[in-house]
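Heads up, the thing below is written out as structure tokens.
The values are calculated or read from the model by the stated rules, or taken from the named source; none is laboratory data. Just so it is clear, the structure is predicted and the values come from calculations on it, not from any experiment. We place every Cβ from the backbone using ideal geometry, glycine too, and count neighbours over all the protein chains shown. For accessibility, only protein heavy atoms count, side chains too; no ligands or nucleic acids. Shrake-Rupley method; radii C 1.70, N 1.55, O 1.52, S 1.80 Å.
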Amino acid sequence: MGLFGRKKLKEPAQERLFALTTAAVTLDTELGLKPAGSAGIVFKAMSSGDFVRVDNELTELVDAVAQSSGSKIERTEDEFGFTWIVVKDPELEDLVTAIHAVASELEAQGFGPQLLAAVFKFDSNYGDKHPVYWVYGYKRGTFWPFIPTGEDQKRDNANELELKAKLEGELPIEPDLSRWFGPYGAPV
């Protein structure tokens, strides 16, 4: 309990995104996961009026982030109608910073509820050597691993659970496995 008998506020969920950069050494040296140089943030489409209002500011922000970090950034829509801002950069820290900047701008404009997830791709020497994605869910401020097998919409649950166990001390891992959605077809 905090001051005046109120519960302490949780740390802003968005700030937890930076835990990925602190876990980078473990991901690389202990697990053989190297940043693949690609990440994306996905959000629900906005109404056309809202989108026009935010679009110019978001474009300016994305351009500024790209210029300051040297990242390449593009916007795309997936087959389900969700909007993705995809960042290409060899440095994990720049990927996380760019994704955080976009999320912050969307929240500042009142679109925090539209934020769904950030997805970071890693090349792997792990398990069956499929790419590994670390997904960050904005609603709960937690991460989970996603390892698609490349066969239909199958995933490597055993290795996902192993990664969960190995990273629980470094990343805020989503404890409810039913919330571990798989971003199949993510443009990252």
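Condition check ((1) over 14 Å from Leu27 (Cβ atoms); (2) within 15 Å of the chain's Cα centre (by Cα); (3) open to solvent by 70 Å² or more (accessible area, probe 1.4 Å)) across all residues:
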site	(1), (2), (3)
Leu106	yes, yes, no
Gly112	yes, yes, no
Ser124	no, no, no
Leu161	yes, no, yes
- From the residues in the range 87-115 that are in contact with a Pro (Cβ under 9 Å, 6 or more places away or on another chain) and either without any contact (Cβ under 8 Å) to a residue 40 or more places away in the chain or of a type in the set (A, V, I, L, M) (or both), which one is nearest to Thr21 (Cα to Cα)? Leu92
- Query: Does Glu107 satisfy the criteria of being touching a strand residue (DSSP E or B) at 6+ places or on another chain (Cβ under 8 Å), in a helix (DSSP H, G or I) and within 22 Å of Ala45 (Cα to Cα)?
  - Reply: yes
- Item | Residue ID - farthest from the chain's Cα centre (by Cα), chosen from residues in the range 57-89 that are within 18 Å of Glu105 (Cα to Cα) and aromatic (Phe, Trp, Tyr) | Phe82
- Pairs, please: C-beta under 7 Å, at least 6 apart or cross-chain, first residue at positive phi and in the range 147-168, second modelled with pLDDT under 95 and surrounded by 14 or more Cβ atoms within 10 Å (Cβ to Cβ)? Gly150/His130
- Item | From the options Leu171, Leu177, residue that is aliphatic (A, V, I, L, M) and either at positive phi or open to solvent by 20 Å² or more (accessible area, probe 1.4 Å) (or both) | Leu177
- Check off (1) buried (at least 17 other Cβ atoms within 10 Å of the Cβ); (2) within 27 Å of Ala45 (Cβ to Cβ) for Gly185 and give me the number that stays unchecked. (1)
- Selected residue (criterion: nearest to Leu177 (Cα to Cα)) from residues of the range 95-143 that are of a type in the set (Phe, Trp, Tyr) and out of contact with any Lys or Arg (no Cβ under 7 Å at 6 or more places or on another chain): Phe143
- What residue, among those in the range 30-87 that are assigned to a loop (DSSP other than H, G, I, E, B) and modelled with pLDDT under 80, is least open to solvent (accessible area, probe 1.4 Å)? Met46
- Among the residues of the range 134-151, which ones are under 15 Å from Leu163 (Cα atoms), out of contact with any Phe, Trp or Tyr (no Cβ under 7 Å at 6 or more places or on another chain) and either open to solvent by 30 Å² or more (accessible area, probe 1.4 Å) or in a strand (DSSP E or B) (or both)? Thr142
